[in-house]
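Heads up, the thing below is written out as structure tokens.
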């Protein structure tokens with residue numbers, strides 16, 4: 001599980017019992033990684049990578065070039081998944097990553113059993129390198145049968161792609177008797193491209209302090225959202241952005257509760273709404289882009305945090321009727 005969950009798991013007992021109000025600022029201690037999102041000055045080019053899941057797997061290339069990279073995540077499975085991307089510290093590989101995933105699963109098992117104190121003790125045994133991982137985005141929650149697209153800047157290094165949605169209380173990134181861990185290592189080489197991010201017509205600003213703001217006029221058809229991470233609180237889970245469609249039978253309350261990863265039923269499949277992608281978390285100052293085809297109707301952007309609506313991290317918007325069939 002990625003670093004954003006590490007911070008939350010350390011204080012998870014309190015969050016599970018009391019929910020999460022407005023987090024306190026820790027700007028003096030916060031690290032930034034603005035090199036993730038340099039200005040787009042090069043000539044336009046395509047640097048596209050396809051990731052596919054058929055069940056509890058992530059299939060994709062082992063090596064890609066650095067720079068602005070567009071990930072297309074094809075969810076050919078029957079479950080909701082995402083493809084979060086983390087840059088690993090030097091010397092950390094698959095085995096170390098799997099060991100840490102086992103500790104997160106042990107923590108979750110104890111939480112589900114109501115053993116909060118024992119669960120928190122498991123977090124004390126997390127290896128130090130876990131706190132040095134860097135969240136660099138990745139494709140947001142994607143419903144079965146959908147393909148989602150996200151563009152993010154990657155520096156040279158070693159990365160891990162993972163999904164930690166749950167089924168029967170087990171994180172997909174943790175190996176079980178029925179499936180291997182849903183992780184995929186990727187090496188990003190120094191052979192950079194001249195790719196640039198897509199032009200955006202919708203703009204999202206997200207902050208752990210002030211919530212989420214959406215600017216732009218949505219229309220039916222292909223849309224690109226830019227997502228600027230204005231502020232991430234180091235001591236609490238950092239917000240990301242996931243898109244879902246609101247239908248007549250959509251339960252927004254259920255979606256608001258479901259996105260709490262450390263709640264007993266949080267991120268447990270099946271998802272209560274139809275997710276259409278988005279972007280996973282970046283550090284303060286980072287920018288990512290996601291592209292989606294919208295039909296007329298009502299939609300919501302939501303962050304994978306406890307109580308996103310109360311924190312201003314659930315925003316709805318309407319796409320007006322047009323010639324596009326619903």
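Observations on the structure shown:
- The residues of segment 250-262 that are crowded, with 18+ Cβ neighbours inside 10 Å and assigned to a loop (DSSP other than H, G, I, E, B), listed by number, are 259, 260, 261, 262.
- Tally of residues being touching a residue at least 12 places away in the same chain (Cβ under 8 Å) and surrounded by fewer than 15 Cβ atoms within 10 Å (Cβ to Cβ) across segment 117-133: 5
- Output for segment 300-325, where each listed residue is free of Cβ contacts under 8 Å to residues at least 60 places away in the same chain and in a strand (DSSP E or B): 300
- Filter result for residue 271 (in a helix (DSSP H, G or I), touching a strand residue (DSSP E or B) at 6+ places or on another chain (Cβ under 8 Å) and either over 17 Å from residue 315 (Cβ atoms) or in contact (Cβ under 8 Å) with a residue 12 or more places away in the chain (or both)): no
- Residues in segment 284-326 that are at positive phi and either surrounded by 20 or more Cβ atoms within 10 Å (Cβ to Cβ) or in contact with a helix residue (DSSP H, G or I) (Cβ under 9 Å, 6 or more places away or on another chain) (or both): 285, 307.
Here is a yes/no grid of residues against (1) in a strand (DSSP E or B); (2) modelled with pLDDT of 95 or more:
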residue: 49; (1), (2): yes, yes
residue: 52; (1), (2): yes, yes
residue: 73; (1), (2): yes, yes
residue: 77; (1), (2): no, yes
residue: 84; (1), (2): yes, yes
residue: 101; (1), (2): no, no
residue: 108; (1), (2): no, no
residue: 114; (1), (2): no, no
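- Complete set of residues in segment 229-249 that are within 27 Å of residue 296 (Cβ to Cβ) and surrounded by 17 or more Cβ atoms within 10 Å (Cβ to Cβ): 240, 241, 242, 243, 244, 245, 246
- Residue 136 in contact (Cβ under 8 Å) with a residue 12 or more places away in the chain and either buried (at least 21 other Cβ atoms within 10 Å of the Cβ) or farther than 28 Å from residue 284 by Cα (or both): yes
- The one condition in (1) without any contact (Cβ under 8 Å) to a residue 60 or more places away in the chain; (2) part of a strand (DSSP E or B) that residue 176 fails to fulfil: (2)
- Residue 86 in contact with a helix residue (DSSP H, G or I) (Cβ under 8 Å, 6 or more places away or on another chain) and either touching a residue at least 60 places away in the same chain (Cβ under 8 Å) or more than 28 Å from residue 278 (Cβ to Cβ) (or both): yes
- Selection from segment 55-69 of residues that are assigned to a strand (DSSP E or B) and surrounded by 20 or more Cβ atoms within 10 Å (Cβ to Cβ): 64, 67, 68, 69
- Output for segment 106-127, where each listed residue is over 18 Å from residue 237 (Cα atoms) and out of contact with any helix residue (DSSP H, G or I) (no Cβ under 8 Å at 6 or more places or on another chain): 109, 112, 113, 114, 115, 121
- Going through (1) over 17 Å from the mean Cα position of the chain (by Cα); (2) more than 24 Å from residue 267 (Cα to Cα); (3) in contact (Cβ under 8 Å) with a residue 24 or more places away in the chain; (4) not in a loop (DSSP other than H, G, I, E, B) one by one, residue 192 falls short only on (4).
The values are calculated or read from the model by the stated rules, or taken from the named source; none is laboratory data. Bear in mind the structure is a predicted one, so any value in this text is a computation, not a measurement. Every residue, glycine as well, gets a Cβ built from its backbone with ideal geometry; the counts of neighbours run over all protein chains shown.
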